Amino acid sequence: MARALSKLGYCSRSRGFELIRAGRVAVDGRIRRDPETPVRVEQDRIEVDGREVASQAKIYLLLNKPRGVVTTAADEKGRETVYACLSRGLPWVAPAGRLDKASEGLLLLTNDSEWAARVSAPETRLDKTYHVQVACVADAALIERLTKGVASEGERLRVKAARILRGGEKNTWLEIVLDEGKNRHIRRMLAALRIEVLRLVRVAIGPLILGELPKGTSRPLTEMEKHRLDAAMSQHLKKS
């Protein structure tokens, strides 16, 4: 049942669990309290608080996440979340993937839970491109270390590609491409090399580019952007 509520675009699966256990969800007129109860989405009548849940139109948003907001619906510490950046009146959407509080840039949000799972799945191996400002003067040796891999917390972390974008007397902007997304991947690699990260901005996911979207604002994906991103995911899944 919880999965059905998420699939219909009504709420997240975790929120669905809460609603069901609170006795607020009925299937064909009967209150059900087991979130794992199987449901036929196309046939069964699902109600929340007595109102039928209809399938929501699919929404795919691109947000330029500002630094300092967290990627969650609600934060136990009372910190501002990415939902403060969205227009009021939108149906429920959830992030497809994450950016940590200190990171910025391209974040996808959608009410299409199955699509979000594909975007985030490790086997999809979508390239994710970041611009990273580091507190050192980078050189070819650092690029080689990143591409060969660095040991961190019992894992071997590496990047798919890296290059120097521009540099100054005390810091450098790098472009780093990942095709896997382990927790705090880039920050952990650079920390293992004792390099401080000053800024970390995600600028692309696969063929989808952040572009000039102002910080803290969002927009719908165009049909062409959605098509190209879907095609990139399908291509990588076929290879795997």
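Taken over segment 182-240, the criterion of being under 26 Å from residue 134 (Cα atoms), over 19 Å from the mean Cα position of the chain (by Cα) and either surrounded by 12 or more Cβ atoms within 10 Å (Cβ to Cβ) or among the aromatic types (Phe, Trp, Tyr) (or both) is satisfied by 189, 190, 191, 192, 193, 195, 196, 197, 198.
Among the residues making up segment 201-217, those that are in contact with a helix residue (DSSP H, G or I) (Cβ under 6 Å, 6 or more places away or on another chain) and touching a residue at least 40 places away in the same chain (Cβ under 8 Å) are 206, 208, 216. Going by what's in this entry, would residue 175 be described as among the acidic types (Asp, Glu) and in a strand (DSSP E or B)? The answer is yes for residue 175.
Cβ separations smaller than 6 Å between residues 6+ apart or across chains give the following pairs from segment 137-161 residues that are closer than 19 Å to residue 127 by Cα to residues that are part of a strand (DSSP E or B) and among the β-branched types (Val, Ile, Thr): 157/150; 159/176; 160/177; 161/177.
Restricting to segment 83-105, what's the tally of residues that are free of Cβ contacts under 8 Å to residues at least 60 places away in the same chain and on the phi < 0 side of the Ramachandran plot?
Initial filter on segment 83-105 (free of Cβ contacts under 8 Å to residues at least 60 places away in the same chain): 83-84, 88-90, 93, 95-96, 98, 101.
Narrowing the set further to residues that are on the phi < 0 side of the Ramachandran plot leaves 83-84, 88, 90, 93, 95-96, 98, 101.
Residues that pass the stated criteria total 9.
Restricting the search to segment 18-46, which residues are within 21 Å of residue 93 (Cα to Cα) and surrounded by 17 or more Cβ atoms within 10 Å (Cβ to Cβ)? Steps first, please.
Of the residues in segment 18-46, the ones within 21 Å of residue 93 (Cα to Cα) are 18-20, 24-25, 35, 41, 46.
Within segment 18-46, 19, 20, 25, 35, 46 qualify.
When segment 15-39 is filtered for residues that are of a type in the set (Gly, Ala, Ser) and in contact (Cβ under 8 Å) with a residue 12 or more places away in the chain, the ones remaining, listed by number, are 16, 26, 29. Residues that are at pLDDT 90 or above, touching a strand residue (DSSP E or B) at 6+ places or on another chain (Cβ under 6 Å) and closer than 28 Å to residue 214 by Cα number at least 1 in the following strands (runs of 3 or more DSSP E) confined to segment 1-114: 60-65, 104-110.
The values are calculated or read from the model by the stated rules, or taken from the named source; none is laboratory data. Owing to the predicted nature of the structure, the values given are computational and were not obtained by experimental measurement. Don't worry about glycine lacking a Cβ; one is built from the backbone with ideal geometry, like all the others, and counts go over all protein chains shown.
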